[in-house]
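Okay, structure first, notes after.
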Amino acid sequence: MTRGLFITFEGGEGAGKSTQIRHLARWFADHDRQTTVTREPGGTPLAEAVRGVLLGGAGTPDAVTQTLLFAAARRDNVLNVIRPAMAAGQVVLCDRFADSTRAYQGGKLPDADIEATIRLATDGLAPDLTLLLDLPPEVGLARARCRGTAADRFENDELAFHEGVRARFLALAKVEPARFAVMDGAMAEEALAAAIAAVVESRLGARIAGSGTS
């Protein structure tokens, strides 16, 4: 049976993750691979409800509460969407995963506490490839404001917070270069999509073709 793949997209606000996920899903379809697209927080009814709490305006959860809520949503998504799709041989494309917790809550909680919640939430699952769309935060925030939707809790944070998020993402990529691919989020949409496809084919080519078996 063809082995499943798990690819995550990371980056700051307005980096273009959802747009590039759509491009990559079409690219996989052209290569006769079925994809499941999901997101964090979200992907299941329970996790989508948690998303509303985390990103909406209800209350002001502190960093511990945020981390635990993200972990609960992640675990439900892993158990009910990601692992079943991979078991069926599909490619799972996820808009954010555990690295977002490391980047966004990493400046507020000890690393050991964050990693403990990630271990519980992910059930031992790690991405085969993480595509980090890197972009200066002021550019990404400007893009996000042009969407025509209300800013969420994190988009409303100060620029300094988002600069810290970017720095932590880049630090993670430096520690795990075999898993991360840092992409220039300022590239034109189609050019970036082509660059991402080239990286995916280079890193995961044999498994995309279905030569790997489980």
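Please work out which residue is surrounded by the fewest Cβ atoms within 10 Å (Cβ to Cβ), limiting yourself to the stretch 28-44 and to residues that are touching a residue at least 60 places away in the same chain (Cβ under 8 Å) and closer than 17 Å to Thr130 by Cβ. Here the answer is Phe28.
Checked against (1) surrounded by fewer than 20 Cβ atoms within 10 Å (Cβ to Cβ); (2) without any contact (Cβ under 8 Å) to a residue 40 or more places away in the chain; (3) within 17 Å of Pro127 (Cα to Cα), Asp111 meets all criteria but (3). Per the conditions (1) closer than 24 Å to Val37 by Cα; (2) modelled with pLDDT of 95 or more; (3) of a type in the set (D, E, K, R), the sole criterion not satisfied by Asp123 is (2). Restricting the first member to the stretch 187-210 and to residues that are surrounded by 15 or more Cβ atoms within 10 Å (Cβ to Cβ), and the second to residues that are of a type in the set (S, T, N, Q), the beta-carbon pairs closer than 7 Å and six or more apart or on different chains are Leu192/Gln20; Ala193/Gln20; Ile196/Gln20. With a requirement of 2 or more residues that are out of contact with any Ser or Thr (no Cβ under 9 Å at 6 or more places or on another chain), the helices (runs of 4 or more DSSP H) lying completely within the stretch 17-124 that satisfy it span 17-30, 45-55, 63-77, 98-104, 111-122.
When the stretch 1-27 is filtered for residues that are over 15 Å from the mean Cα position of the chain (by Cα) and without any contact (Cβ under 8 Å) to a residue 24 or more places away in the chain, only Arg26 remains.
Restricting the stretch 45-54 to residues that are at pLDDT below 95 and of a type outside the set (A, V, I, L, M, F, W, C), the residue that is surrounded by the fewest Cβ atoms within 10 Å (Cβ to Cβ) is Gly52.
The values are calculated or read from the model by the stated rules, or taken from the named source; none is laboratory data. Because the structure is a prediction, the values reported are computed rather than measured. Backbone-built Cβ (ideal geometry, glycine too); neighbour counts: all protein chains shown.
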